[in-house]
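Notes follow the structure.
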Amino acid sequence: MAELNLILLGPPGAGKGTQAGLLTEDFGLPHIATGDILRAAVAAQTELGKEAKRYMDAGELVPDSIITGVILDRIGQDDARDGFLLDGFPRTVDQADSLGAAIEQTGRRLTGAFLISAPDDVVVKRISGRRIGKSGRIYHVDFDPPKVAGKDDDDGSELVQRDDDREETVRKRLAVYRRQTEPLIAYYDDLGLLRRFDGTLGPSEVHAHIRAAISTLQREEEI
Ligand code: AP5
């Protein structure tokens, strides 16, 4: 079967992580989330984490020189040999150029860049209610609550809020997204890879639309 090398694009809170979790189950692709990788490094107090933390807390992007090598290395690992689902990378044109060059060098190619869109007021509301389980599972206090308030359905652990989910940091992250990441929409459109999805729909509707698009791409790749 042909490789599925996919990118999820979209503003903070559009639902990239939520959809990636569902799509990973459907297609067996590794979900490579830069935010999760960086948060794990912060928690483990590695050099990467110490360097990244101050940018993340300020709602800024971590410099390309820090993150690009980590992700390019990750997509070269065994479990990503048959494809990957990138969530949160690339986020700048430089990152996209590095990814494109690295993929081409290994004889692979990108299959699609999926944009999940939602307006600012929607994403701010979503992020303010987001809670995360120890397993990485994402909840929302109103839109996708756990069975027992404050506890992860999977292991009963306490749900937590991300440090960068305070409203003023979210507004900053949105401004950074508009300035540094939105140019990637035209970038991938020009390459014929962009597909757009309405992120204001419910999670299962967004999921159904993306799943159908991936199935179509899979069929096209096999022809
Ligand atoms: P990262 O962790 O990637 O954050 P983000 O892109 O800002 O995206 P979020 O995780 O906030 O949102 P999401 O779209 O995944 O939404 P979710 O599914 O959780 O990055 C964090 C930081 O790391 C960056 O600011 C930067 O500093 C650094 N970083 C990361 N990558 C980098 C890179 N490449 N270069 C440089 N720096 C980098 O959903 C949000 C909430 O809404 C949840 O509660 C969910 O339950 C709910 N929800 C989801 N979908 C729906 C729906 N359809 N309807 C109703 N509710 C929904």
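With θ taken as phi - 60° and the Karplus curve 6.51 cos²θ - 1.76 cosθ + 1.60 applied, the whole-hertz 3J(HN,Hα) list for region 206-220 is 4, 4, 4, 5, 5, 4, 5, 5, 5, 4, 5, 4, 4, 5, 4 Hz, x standing for glycine and proline.
Please report the base-10 log of the normalised intensity I(q)/I(0) for region 61-114, using a Debye sum with one equal scatterer per alpha carbon and no solvent, at each q in 0.16, 0.18, 0.20 (1/Å). So the normalised log intensities are -0.44, -0.56, -0.70.
Could you list the trypsin sites (Lys or Arg not before Pro) in region 144-223 that lie in coil according to DSSP, counting only those with at most 11 other Cβ atoms within 10 Å of their Cβ?
Details: sites: K147, K151, R162, R166, R171, K172, R173, R178, R179, R195, R196, R211, R219; in loops: K147, R162, R166.
Listed in order of number, the matching sites are K147.
One quarter of the convex hull surface, Cα atoms only: what value does that give for region 1-156 in nm²?
Computed as one quarter of the Cα hull surface, the answer is 10.1 nm².
The amide H of L194, built 1.01 Å from its N in the peptide plane, has A113, D189 as neighbours under 5 Å, considering only residues 5 or more places off or on other chains. Computed per residue of the chain from DSSP H runs no shorter than four, each worth -39500 (n - 2.57), the mean residue ellipticity at 222 nm is -14500 deg cm²/dmol.
Read the figures in this text as sums done on the coordinates, not as results from a lab. Keep in mind the model is a prediction, meaning the values are calculated, not measured. So basically every Cβ, Gly included, is an ideal-geometry build from the backbone, and we count neighbours across all protein chains shown.
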